[in-house]
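The values are calculated or read from the model by the stated rules, or taken from the named source; none is laboratory data. Since this is a predicted model, take the numbers as computed values, not measurements. Heads up, the Cβs are rebuilt from the backbone with ideal geometry, glycines too, and the neighbour counts pull from every protein chain shown.
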């Protein structure tokens, strides 16, 4: 998932335009570093920090799919 999509998903912003403004303002940190790219691809475990709140990108692969692959 991209950073701007994630910000909408967790409710920090409501629109893509709002996400763009928040990201470009330098108020978003990914894994401790200021991130200015709204298309930044997020991976499992990335930490998003905004307004002294930390959000962790969850594992996007449902448990059932993991088990199905490991049994093969």
- Task: Could you please find all residues in segment 1-19 being more than 8 Å from the chain's Cα centre (by Cα), in contact (Cβ under 8 Å) with a residue 12 or more places away in the chain and either surrounded by 18 or more Cβ atoms within 10 Å (Cβ to Cβ) or closer than 15 Å to residue 42 by Cβ (or both)?
- Result: 10, 12, 19
- Query: In segment 1-29, how many residues are in contact with a strand residue (DSSP E or B) (Cβ under 8 Å, 6 or more places away or on another chain) and assigned to a helix (DSSP H, G or I)?
  - Reply: 4
- Item | Total residues in segment 30-60, condition within 10 Å of the chain's Cα centre (by Cα), part of a strand (DSSP E or B) and closer than 15 Å to residue 10 by Cβ | 6
- Can you name the condition, by its number, that residue 38 falls short on among (1) touching a helix residue (DSSP H, G or I) at 6+ places or on another chain (Cβ under 7 Å); (2) at pLDDT 95 or above? (2)
